[in-house]
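The values are calculated or read from the model by the stated rules, or taken from the named source; none is laboratory data. Remember, predicted model here, so these are calculated numbers, not experimental data. Reconstructed Cβ throughout: ideal geometry from the backbone, glycine too, with neighbour counts over all protein chains shown.
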Amino acid sequence: MADLQRQGLVRHIGLSNVTPTQFAEARDIAEIVCVQNQYNLAHRDDDAFIDALAAEGVAYVPFFPLGGFSPLPSAALSDVAARLDATPMQVALAWLLRRSPNILLIPGTSSVAHLHENLAAASLTLPEDAVAELDAIGR
């Protein structure tokens, strides 16, 4: 891929499921513009990695942003959603968007209605008390 990038045949390279060490090794070989790892309200092992990537201008795309095969079960998430007149999934997506400016979301959907619901998360404002409750989910 690095050779193809140098030849101009590949513009951008992204990595999936990598550690910070693996990212650094790859970055020594080629320009890396994106990392895709598992990350969501409940699974937050990459907190420091996201911050480091943001400082370097590298995008971070969380896979399973809504929990994947194990949806995000949380009374706190449901409570915040009810207070904001939103769905729990909208709140989870809004939290991710607020988490860091380098986070890009690609939540899956199987219907136009669900697509509109996901898009509405971008305009959902999370009050500080709600953010504190949501932050506690992953601790």
(message) Need the failing condition index for Asp51 against (1) surrounded by 15 or more Cβ atoms within 10 Å (Cβ to Cβ); (2) in a helix (DSSP H, G or I), just the number.
(response) (1)
(message) When you scan segment 100-107, do you find a residue that is modelled with pLDDT under 90 and out of contact with any Lys or Arg (no Cβ under 9 Å at 6 or more places or on another chain), even just one?
(response) yes
(message) Please go through segment 50-95 and give me each residue that is under 23 Å from Ser16 (Cβ atoms), of a type in the set (Gly, Ala, Ser) and touching a residue at least 12 places away in the same chain (Cβ under 8 Å), ordered by number.
(response) Ala52, Ala54, Gly57, Ala59, Gly67, Gly68, Ala92
(message) Can you find a residue that is modelled with pLDDT of 95 or more, in contact with a Lys or Arg (Cβ under 7 Å, 6 or more places away or on another chain), outside any helix (DSSP H, G or I) and crowded, with 17+ Cβ neighbours inside 10 Å anywhere in segment 122-134?
(response) yes
